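Data first, discussion second: the structure below is written as structure tokens.
Each reported figure results from applying straightforward, stated rules to the coordinates on display, with no laboratory input. The structure presented is a predicted model; accordingly, all values stated were derived computationally and were not measured. Please note: Cβ atoms are built from the backbone with ideal geometry, for glycine as well, and neighbour counts cover all protein chains shown.
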Amino acid sequence: MLSAAVVIALSVTSCTPVDNPVSPVTPPEPVVKADTARHTIIMYGVVGGASDPQIETAWEIMKPYLNDRKNVRCVVCFKYAKPEHFAGKYAKPGDLVLFELTDTTDLMKIGENYAMKWSDLALYEESTLTSIIDLASTVAPAREYTFLTYGHGGGFDKNVDYEKDQRKAQPNSNRAVLYDEWIETSAGHEAMNMYEFLRGINNSKVPHFKSIFFHNCLMGGVESVFDISLFCDYLVVSSHLLAMNPAPIRQFIKATTEQKDLKTAYLQMLSKLSPEWDKGYQGYGFNGDLKLIDCQKLLDVIDPAAKLTNRLKEIYPTQSEMLDTAMVHTYQYYNEKNFYDLEDYAAQVAKYTGDSQLKTISAQLSEALGKAILGRAEMHFSTLGDLPKFTLSVVLSSNKDYQAKTAWDYTFKEAYEYTNWHIFTGFGDWLNTTRQGPRDQSEGYQGQPVGQCFNQRP
């Protein structure tokens with residue numbers, strides 16, 4: 001079992017919005033010793049509310065599979081919820097538990113022996129993340145590692161994904177990679193942004209993971225994926241709100257212990273989620289998804305995406321009406337976020353403009369996405385919009401919104417142009433051009449296809 005001691009070492013790099021703030025370092029070759037496992041999974045998360053029992057149940061089910069230290073090991077760092085809605089049984093509100101989960105772990109004692117009484121220790125701090133990764137890789141060394149987050153995510157958020165030391169005003173409540181309900185600003189919960197997350201990994205002893213698995217909502221957007229993908233071989237994300245049911249985690253642990261190849265393990269996990277996982281979506285009338293991405297093959301999406309950006313700008317002066325029409329017919333993942341399906345958007349602009357170049361680009365983009373996404377588990381329950389399959393989301397907006405200031409004193413444009421997606425494809429230049437945005441469905445369904453709409457359910 002792990003000692004609940006964490007060494008905090010802060011390393012902050014500031015930058016201008018011209019370049020992505022984090023560049024991957026070359027990972028060292030793993031040192032294989034007698035106690036080196038084949039694979040170590042580092043689980044890192046905070047859920048809040050009344051959801052702690054779900055992750056506790058997952059630990060209980062996972063335990064029997066973690067019976068071989070030479071095969072798969074699992075290190076858990078989890079922060080318990082506030083007392084208002086607390087429902088956990090293995091620790092107290094605010095406890096941060098840090099332990100290795102094995103088949104012999106006495107979960108009733110983790111709060112007593114392996115908990116830090118530090119409710120104010122912020123999981124979103126990159127130095128905390130680095131320390132946890134370093135400690136886990138020291139105690140449970142492996143030939144390869146998976147980093148698995150469990151909590152609330154928000155995908156690209158213009159109010160979050162910007163360097164904190166360059167902010168000037170107070171933000172609205174927000175979510176990005178991970179938020180911590182114990183840490184509050186005057187305007188809401190503080191969140192880990194993408195650059196803090198990646199620096200936390202980059203500064204650690206495991207700067208490149210075999211896989212990164214987000215059991216977090218809305219992380220399947222190109223603005224997030226093209227940043228994260230430089231730090232792992234495989235990536236698991238959802239473009240929708242993700243059901244809190246931790247069935248994917250349980251199935252992943254089981255499959256990883258049974259399959260020597262990680263890709264095979266993930267495909268097994270995805271195939272085993274139904275019918276249990278369906279219930280988290282069916283009751284709401286929601287679509288949902290979880291997908292496995294090959295990060296090397298993802299790079300082949302860049303060329304057709306850059307061509308798409310350029311062609312949209314070229315024909316906008318003469319085809320603005322048809323491009324505007326295409327935008328409001330594109331599938332939206334969740335009504336309160338401006339995230340839309342990339343493959344569907346390319347298909348819609350090709351369809352409504354009739355442009356031969358866009359038709360070719362759309363086909364090329366579809367082919368590249370099809371090769372990069374290796375497997376899927378999908379729910380199709382929405383009566384307000386659907387697709388035959390879901391790919392990756394992309395932000396769409398009008399140039400007015402794109403140029404507007406955020407809750408902090410910087411613009412949406414400045415935040416967006418930090419992303420590798422923009423750096424690689426120039427897509428922000430298109431958002432800076434188009435005068436038409438998608439329909440505003442943040443208060444409810446307004447006719448644009450949408451997979452998840454809290455304001456209008458069956």
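If you place +1 on the Cβ of every Lys and Arg, -1 on the Cβ of every Asp and Glu, and leave all else neutral, what size is the dipole of the range 209-266 about its Cα centre, to the nearest 20 Debye?
Using only the charged Cβ atoms, the result is roughly 260 debye.
If I stretch the segment between residue 112 and residue 89 completely, what's the gain in nm (0.36 nm per residue apart, minus their alpha carbon distance), one decimal? Don't skip to the end; give the middle numbers.
Working: separation 23, 0.36 × 23 = 8.28 nm, distance 1.18 nm.
Stretched out fully, the residue 112 to residue 89 stretch lengthens by 7.1 nm.
For the pairs 63/263; 307/389; 291/313, flag any whose C-alpha to C-alpha distance is greater than 25 Å.
Pairs exceeding 25 Å: 291/313.
Can you give the convex hull volume per residue for the Cα atoms of the range 306-424, as a whole number of Å³?
Numbers: hull volume 15.4 nm³, N = 119.
So the per-residue Cα hull volume is 129 Å³.
Give the lysines whose C-alpha is closer than 16 Å to that of residue 82, dropping any in the same chain fewer than 8 places away, or say none.
92, 117
Can you tell me how the range 207-340 classifies by the Cα gyration tensor, rounded, prolate or oblate, using a/c under 1.5 as the rounded cut?
Oblate, since a/c reaches 1.5 and b/c is not below a/b.
Where the centroid of each part is defined by its Cα atoms, how far is the range 318-374 from the range 393-436 in Å?
17 Å
How large is the dipole of the range 302-422 about the Cα centre if only Lys and Arg carry +1 and Asp and Glu carry -1, each at its Cβ, rounded to the nearest 20 debye?
160 debye
With unit charges on the beta carbon (Lys/Arg positive, Asp/Glu negative), name the residue among 80, 55, 129 whose Cα is farthest towards the positive pole of the charge dipole of the range 53-148.
55
Peptides 93-102, 398-407: what's the order by average Cβ count within 10 Å, highest mean first?
93-102, 398-407
Express in nm, to one decimal, how much length is gained between residue 138 and residue 104 on full extension, taking 0.36 nm for each residue of separation and deducting their alpha carbon distance.
Once the chain is fully extended between residue 138 and residue 104, it gains 10.2 nm.
For the range 405-457, what does the alpha-carbon gyration tensor say about shape, rounded, prolate or oblate, given a ≥ b ≥ c as the root eigenvalues, a/c under 1.5 as rounded, and a/b over b/c as prolate?
Taking the square roots of the gyration eigenvalues as a ≥ b ≥ c, the range 405-457 is prolate.
To the nearest Å, what is the center-to-center distance of the range 255-284 and the range 89-158, using C-alpha atoms only?
23 Å
Starting from the 7 Å offset along Cα-to-Cβ, what nm value, one decimal, do you get for the label separation of residue 455 and residue 325?
2.6 nm
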